[in-house]
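S.K.: Got a structure for you, questions after.
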Amino acid sequence: MTLDLLLLGFGNVGRRFVRLVGETSERLAREEHLTVRLAGIATRRHGCVRATGDAGLDAAAALDAVEAGERLDTLADAAAAADGLALIRDVARGPAAAEGRLIVVETTVLDIARGRPAIDHVQAALSAGAHVVTANKGPVAFAYDTLKAAADRAGRRFLFEGVVMDGIPVFNLARETMPVVTVHGFRGVLNSTTNFILTAMEEGREFDRALADMQAAGIAEADASLDVDGWDAAAKTAALANVLMNAGITPQDVVRTGIGGLSRTDVQAAVSRGRHVKLVCSATRRGPAVEARVAPEELPAGDLLAGLKGGENALALETDLLGRFDLIQHDSSLTQTAYALLADVVTVGRGLRN
């Protein structure tokens, strides 16, 4: 089976995803009976193009063009499109959408105020007959119920494993392996950048230098305030609460304090007391409502979250039938986020095959 991919956003994550598709193409064909074709790419800086030939866009040429700062509309066998929404409409006129083989992969930058234009992209894609796979927290944090209902009406998938803890199967775990389980609450460390910074300050390094290292690795948000002020963590908290607890909240509903007010002295003083400062995300059901919070906390050394170093993440779920269980992510990189997108693409392919 051939799946057509339409990429909205072609930054660090989008480009690593395309490379990963190429690196795993033989295994995809052998183990999943899938071939992947690049139908189009939409970017803010490098233009928007769709493939005109049956072979799809030349992925290597697209990667080279963007990384050289060139526009994509110079690619052979490609036609320009006005923007991402126009590109969705153009590509959806082909047979892939009608046959359920078109997947829109949304990796645009998070808009913490409204979650747009990513929400608009998801809505347009589902309306046009495409499945949607995203690593953008906005659609799930701001409009999960609306978009899930739209996907159900369209008979298409709306998948987002890369939104929290990269490729660690949080949402897939709940959806596929936890029938009739109720999640009462959760707590976790979910932002790799802030945990790296806090660990670095414990070791005597400066805040600004640690943040610069994470930005150079492509892990920190381009707008550093999203990490430092706790907005990225708030969006992840809202996404988890919406999907796992039917909370119906947005990041603005999450009580939020970032780590910008912490100094190296503060962090090292906690260590001298046998404790560790972590940016903790949590949600708890209070009657019909869900209370969600992101804030630095001093944790005792025996706490699971206190032992997380560098870019490590962890999530502890409190449930009715399974009790508490923990998920720990020791490695966080672009590859893990790209893998989450790939895993969701495979999920779509398996559904079509079955």
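Just so it is clear, none of the values below were taken in a lab; they were calculated from the coordinates. From a predicted model like this one, the values you see are computed outputs, not experimental measurements. All Cβ positions, even for glycine, are placed from backbone atoms using ideal geometry, and neighbour counts span all protein chains on display.
S.K.: When the helix-only estimate is applied to the chain (DSSP H runs of n ≥ 4, each -39,500 (n - 2.57), divided by the residue count), what is the mean residue ellipticity at 222 nm, nearest 500 deg cm²/dmol? Before the final figure, lay out each step's value.
M.R.: On the way: 14 runs with 147 residues, N = 354.
Calculated at 222 nm, the ellipticity per residue is -12500 deg cm²/dmol.
S.K.: What is the distance in Å between the Cα centroid of region 1-79 and that of region 163-208?
M.R.: Cα centroid to Cα centroid, the span is 29 Å.
S.K.: Same structure, new question: Given that just one value was derived from the coordinates, which of [x] 20.5, 65; [y] 18.8, 55; [z] 34.1, 140 is Rg and Dmax of the Cα atoms in Å?
M.R.: Answer by label: [x].
S.K.: Once you keep just the Cα pairs under 8 angstrom separated by 6 or more residues, what percentage relative contact order results for the chain?
M.R.: Contact order relative to length: 18 percent.
S.K.: Note down the net charge around His330, summing +1 for each Lys or Arg and -1 for each Asp or Glu among other residues with Cβ under 12 Å from its Cβ.
M.R.: Summing Lys and Arg as +1 and Asp and Glu as -1 gives -2.
S.K.: Any idea which of Thr134, Gln123, Val91 is furthest toward the positive side of the dipole for region 36-170, if Lys and Arg beta-carbons carry +1 and Asp and Glu beta-carbons -1?
M.R.: My answer, from the dipole projection, is Gln123.
S.K.: Any idea how far apart Asp145 and Ala212 come out in nm if each label point goes 7 Å out from Cα toward Cβ?
M.R.: 4.6
S.K.: Still on this model: Using amide H atoms built in the peptide plane, which far-off residues or other-chain residues are under 5 Å from Phe160 H to H?
M.R.: The list, which skips near neighbours in sequence, is Thr134.
S.K.: Can you give the extra length, in nm with one decimal, that the chain gains between Ser225 and Thr177 once fully stretched, where that is 0.36 nm per residue apart less the Cα-Cα distance?
M.R.: Residue separation times 0.36 nm, minus the Cα-Cα distance, leaves 13.7 nm.
S.K.: Another question about this same structure. Under 5 Å between amide hydrogens, which residues at least 5 positions from Val104 or on another chain qualify, with H placed 1.01 Å from N in the peptide plane?
M.R.: Amide H neighbours of Val104: Leu6, His131, Val132, Val133.
S.K.: Using a 10 Å cut-off on Cβ atoms, rank the peptides 291-299, 91-99 from the highest mean neighbour count down.
M.R.: Going by the mean number of other Cβ atoms within 10 Å, highest first, we get 291-299, 91-99.
S.K.: What does the charge dipole of region 177-331 about its Cα centre add up to, to the nearest 20 debye, if the Cβ of each Lys and Arg holds +1 and the Cβ of each Asp and Glu holds -1? Present the calculation step by step, with values, prior to reporting the outcome.
M.R.: Working: 14 positive and 21 negative charges, 84 e Å.
Using only the charged Cβ atoms, the result is roughly 400 debye.
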